[in-house]
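Undergrad: Before I ask anything, here is the structure I am working with.
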Amino acid sequence: MFKDYILNELEKLTAILARLAGFKEEAKPDEFIQLADTTLQNEYNIKLQELLELTNPDFELLLEKQNYHPDKLDALAQLLYMYQQPFTPGHETLDTLKKILVIFDRLEQKHHRSSFENIHKRNSIYQFLQNNYE
């Protein structure tokens, strides 16, 4: 029963991420932000702007306190990654990319999960940081 619930939640988040990717591809930033904000409010009980404004220690505290399922954590990382693409140098981009790396670290260290997609995204983030902040 719990497994079915998790699978249903994962399917729902996957469908939302697909819609978000479509909005991003079609260059519909308002629709993307509206759906991202609604999703974050419904699934994570936080608004997009509130999430983006959290300091990294506060963000880590939120993740610890909420103890999200690994699939939900991964979906959050994917949403934030899509939101920030294409990466442009700036304070918000840097802070968001750090949050994504925190999630990837948590997935790997606490949940022993990694994927080729997340490894690729991590490498893209590191390359961007190296090119723009070192």
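The values are calculated or read from the model by the stated rules, or taken from the named source; none is laboratory data. Note that this is a predicted model, so its numbers are computed, not measured. Neighbour counts are summed over all protein chains in view; Cβ atoms, including those assigned to glycine, are modelled from backbone coordinates with ideal geometry.
Undergrad: Test Ala21 against the stated conditions and say whether it is surrounded by 12 or more Cβ atoms within 10 Å (Cβ to Cβ), among the small types (Gly, Ala, Ser) and modelled with pLDDT of 80 or more.
TA: Criteria not met by Ala21.
Undergrad: Just for segment 51-86: of the residues that are under 18 Å from Ser124 (Cα atoms) and without any contact (Cβ under 8 Å) to a residue 40 or more places away in the chain, which one is surrounded by the fewest Cβ atoms within 10 Å (Cβ to Cβ)?
TA: Filtering first and then ranking leaves Pro86.
Undergrad: Which of the residues belonging to segment 87-109 are touching a residue at least 12 places away in the same chain (Cβ under 8 Å) and in a loop (DSSP other than H, G, I, E, B)?
TA: Phe87, Pro89
Undergrad: Further question: List, please: which pairs have Cβ atoms under 8 Å, are six or more places apart or on different chains, and start with a residue in segment 28-45 that is at negative phi and among the hydroxyl-bearing types (Ser, Thr, Tyr) and end with one that is in a helix (DSSP H, G or I) and surrounded by 15 or more Cβ atoms within 10 Å (Cβ to Cβ)?
TA: Every condition considered, the pairs that remain are Thr39/Leu13; Thr39/Ile16; Thr39/Leu20; Thr39/Leu79; Tyr44/Leu51; Tyr44/Lys72; Tyr44/Leu76.
Undergrad: Still on this structure: Residue check, Arg113 against (1) free of Cβ contacts under 8 Å to residues at least 60 places away in the same chain; (2) under 20 Å from Asp37 (Cβ atoms), all met but one. Which one?
TA: (2)
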